[in-house]
Amino acid sequence: MRVLIVEDSIRLQTYIGKALKQAGIAVDKTGDGEEGLYLSKNIKYDVIILDLMLPKLDGLSILRSLRNMGNKTHILILTAKDTTEDRVIGLQQGADDYLVKPFAMEELVARVQALIRRSYNIKNSKLEIGDFVIDTARRIISRSGKKIELPPREYSLLEYLALHKNQVVSRTEIEMHIYNDEVDLMSNVVNSAICTIRKKIDEPGSPSLIETRRGMGYMLKVVNP
Amino acid sequence: MKSIQGKLLFQLIVGLFVMYGVVGFIFYHVVAHFLLNQFDEDLVTWVDTISEMSDFEDEETDFHFHDTAFDIQPFQNDIKYYQVWNKDGKIIARSLSLKEADLPLVKADLREHKFIDLELPQEIKVRAVAFSYINCRPIFEEEPFNIFPKENCNRLFIVLAASRERVDDMLGITLIFLAGTGVLLSVSSVFIVRGVVVSGLFPLNRIAEKTSSIDAADLSQRFPATEFPEELQPITERLNDLLERLDKAFLRERRFTSDAAHELRTPIAELRALAEVGLGIDVNQLDDPRPYFKDTLDIALQMQCLTDSLLTLARTDAGNLPVNVEEINLITVLNETWKKFEKEAKKRNIVHSLVCPDNTIIKSDKSIIAAIITNLISNAVSYSSENCTITMSIKRVQDNHYFLLSNPAKNLDIKDLEYIFQPFWRKDSARSDQSHSGIGLTLVKSYCQLLNISASAEMPAPDIFEMTLRIPAI
């Protein structure tokens, strides 16, 4: 899952970024409105966290511009403006959520995750694939009732594949959504992560839940009983 | 009566009644005067006719008019009366129409006509003319030829009267007409006046309606100048002025709330985010915790500075800031303050110039003056363009020292000067630079008011900002 933070406070950028990364979400950051708009138009983010008072181009202008273009990325406004009028304006202009500073980091992360689920049309926080269950709210994976521990990045990768079940997800897409700019083009971090996941979730002797499509990517296969 | 409509209605209707009454009264009397004048003229014509046509046979015994004397227009069909007296007051002739009654003897001078209104028995109203003339019996037979010897002349007093029924009837009709018209006018004027007043007051109702539709949430509405009558334009202009001021005040309030929220909430949000993320980190995996503490300290200092500024502002505005007056050399304060910002100025290649007289001693509170100068120089160094000169000067004009500080300010507009002293106002709407909170110039203004110093900001040229302090000299 990839999130863009458009916030001119470097500290907030840093700490929100850290919190989202801890939650297994890839993060891009910018401190000015013009760059924020550029990135939003050119990269497909799952959620954009948008401050309103930005240099060069304010948050509401970015919001209007994106919605006028037909961009449907979920946007969470994060701002110190707390009046009802400000909230109403923000939501009417097309924001999906509105959070006032100061805020609980846990709440921000939970709202971002809720918006991510919404972007995949998932109402239930639990993804069930056969006897395999991913609780996206609690970030717990279980198979046949047995809990499986995965590091955050691997969990996010598996969640991403589960959200795109029975669809081929390319390596590039995984890199963009899970690892953003941290991945070297020549690295095999994705392969390595898939390998780790398979070891944890696959049952010995049974075909892997994650199928490799050579030259194309990976697919979480759902087998109907 | 508190209703304009009611008051107007009452006043207009009463006014109309009074006016009608006065006009009717005048009209009636004009008509009466005209009719009586006409009647009197007719009486005079009759008198002249009588005088020419009368016979005098025997002054003692007989005096009679010709019959034709009574056949005179316009009295042809009226009842006529006459009575004649000699110079001794003896009645020598009277009309039969008088019956038992007598006309009064009125001794008019020769060539004089006296008109009188009389009432005869049986309530017969007549108008009479009294006149006199000398009637002489001519003698043609005797010589010398003296047609009118004195001894044959007799002064006669005559009163002629005719019924004034015709005149009275016409006056009666006139009165009835006036009364009838009056009633009709009264009734119709109530409706007409009411309609005119309601229609006349309609623009006022429109103003009331439009005013009631104005919401505090949207004060952008104005009363169009051309939509209302001339007489109401002063009201609409004042209302528009008031709305403009209210709109500005609300905008100022909203802006202040928004700016204050940002300045106060952002550091707290940063602190909270920092703390929550820090608490979530596994201490064993943390290389160096110092960045967290550094950020915590920076935020704390920022908030301390903001809190101090706000508290000082509150105290200054309340007049609770102690003021210790002493002699201060303004040049010394300027130079000392500039030294604090020299390093920062050098980084941006900013220099300063100072032009001042030898003696710039003032009596004031040194720490507050220093705080004012610090704020001004801090702003100038922070917001001037790079590679420029900040110009400072002091000049003495009569009983005041004028301190001027001028610096290039590319991003500032003359319209910004309206807001420059308002709390939390900053040109940068994003408020990204956290070293300034927008309280500095508000504090300067407040300090100046406390010390009886006048502070003003101008843009004498595009992109040049100038601050002037007028400080009372010793």
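The values are calculated or read from the model by the stated rules, or taken from the named source; none is laboratory data. Computed from a predicted structure; not experimentally measured. Cβ placement follows ideal geometry from the backbone for every residue including glycine, while neighbour counts extend to all protein chains displayed. With ligands, DNA and RNA removed, areas are computed over all heavy atoms of the protein, side chains included. Shrake-Rupley method; radii C 1.70, N 1.55, O 1.52, S 1.80 Å.
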If you take each beta carbon of peptide B:401-414 and count the beta carbons of other chains within 10 angstrom, what is the mean? 0
Which far-off residues, 5 or more places away or on another chain, put their amide H under 5 Å from the one on B:ALA473, with H placed in the peptide plane? B:ASN400, B:HIS401
Each label point is 7 Å from the Cα along the Cα-to-Cβ direction; what then is the distance between the points at A:LEU39 and A:ASN188, in nm? 3.1
Between B:ILE173 and B:SER199, the two model label points (7 Å from Cα along the beta-carbon direction) sit apart by a distance in nm of 3.6
Relative to the longest principal axis of chain B, what angle (0 to 90°, nearest 10) does the C-alpha long axis of helix B:330-347 take? 60
Ordered by residue, what ³J(HN,Hα) values in Hz, to whole numbers, does segment B:305-318 give under the Karplus form 6.51 cos²θ - 1.76 cosθ + 1.60, where θ = phi - 60° and Gly and Pro are x? 4, 5, 4, 4, 4, 5, 5, 4, 4, 4, 5, 5, 5, 7
Tell me, which longest segment in chain B has none of the chymotrypsin sites (Phe, Trp or Tyr not before Pro) that fall in DSSP loops with at most 10 further Cβ atoms within 10 Å? B:146-474
For A:LYS126, the residues 5 or more places away or on another chain with a placed amide H closer than 5 Å to its own amide H are A:THR136
Restrict the search to segment B:300-351; then list the trypsin sites (Lys or Arg not before Pro) that DSSP places in a loop and that have at most 16 other Cβ atoms within 10 Å of their Cβ. B:ARG348
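Using a ≥ b ≥ c from the Cα gyration tensor of segment B:297-442 (square roots of the eigenvalues), is it rounded, prolate or oblate, where a/c under 1.5 gives rounded and otherwise the larger of a/b and b/c decides, a/b for prolate?
Working: a/c = 1.60, a/b = 1.15, b/c = 1.39.
Taking the square roots of the gyration eigenvalues as a ≥ b ≥ c, segment B:297-442 is oblate.
Quick one: net charge of A:ILE62's neighbours, Cβ under 13 Å, K/R +1, D/E -1?
On the way: positive: A:LYS41, A:LYS56, A:ARG64, A:ARG67; negative: A:GLU7, A:ASP8, A:ASP32, A:GLU34, A:GLU35, A:ASP51, A:ASP58.
For residues surrounding A:ILE62, the net value is -3.
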Using Cα positions and a limit of under 15 Å, work out the aspartates and glutamates in reach of B:LYS366, with same-chain residues fewer than 8 apart set aside. B:GLU326, B:GLU327, B:GLU336
Multiplying the sequence separation of B:ALA225 and B:LEU311 by 0.36 nm and subtracting their Cα-Cα distance, what value in nm do you get? 26.3 nm
Between A:ARG87, A:ARG153, A:ARG138, find the one with the highest GNM mean-square fluctuation for chain A; connect C-alpha pairs within less than 10 Å. A:ARG138
Could you give me the radius of gyration and the Dmax of the protein assembly as shown, taking only the C-alpha atoms into account and expressing both in angstrom? 55.3, 189
Among A:MET1, B:MET303, what's the order by accessible area (1.4 angstrom probe), most exposed first? B:MET303, A:MET1
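Please identify the longest segment of chain B free of exposed GluC sites (Glu not before Pro), where exposed means a DSSP state other than H, G, I, E or B and no more than 12 other Cβ atoms within 10 Å.
Working: sites that count: B:GLU60, B:GLU100, B:GLU112, B:GLU123, B:GLU141, B:GLU142, B:GLU386.
Free of exposed loop sites, the longest segment is B:143-385.
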Output for segment B:384-474: trypsin sites (Lys or Arg not before Pro) sitting in coil per DSSP, at most 12 other Cβ within 10 Å, listed by number, reads B:LYS410
So B:ILE26 and B:ALA461, fully extended at 0.36 nm per residue minus their Cα-Cα distance, gain in nm 149.1 nm
Overall dimensions of segment B:199-336 as given by Cα atoms, namely Rg and Dmax in Å: 27.4, 87
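Within the set A:LYS81/B:LYS346; B:LYS395/B:LYS445; B:LYS346/B:LYS427; A:LYS41/A:LYS123, which residue pairs have Cα atoms separated by over 31 Å?
Details: A:LYS81/B:LYS346 37 Å; B:LYS395/B:LYS445 21 Å; B:LYS346/B:LYS427 24 Å; A:LYS41/A:LYS123 27 Å.
Correct reply: A:LYS81/B:LYS346.
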Kirkwood hydrodynamic radius (Cα pairs, Å) of segment B:187-268? 15.7
Along the three principal axes, how long is segment A:15-138 when you take its alpha carbons, biggest first, rounded to the nearest angstrom? 50, 30, 26
By how many degrees, between 0 and 90 and to the nearest 10, does the Cα long axis of helix B:366-383 differ from the longest principal axis of chain B? 80
Spin-label point model (7 Å from Cα, Cβ direction): what's the B:LEU185 to B:ILE134 distance in nm? 5.4
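If you build the convex hull over the alpha carbons only and average its shadow over all orientations, what do you get for chain B? Give it in nm² to one decimal.
Working: hull surface 209.0 nm².
With every direction weighted equally, the projected area is 52.3 nm².
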Largest fluctuation, A:LYS21, A:LYS56, A:LYS44 only, Gaussian network model of chain A with Cα springs under 10 angstrom, belongs to A:LYS56
Over segment B:182-229 - Rg/Rh using Cα atoms and the Kirkwood inverse-distance radius: 1.28
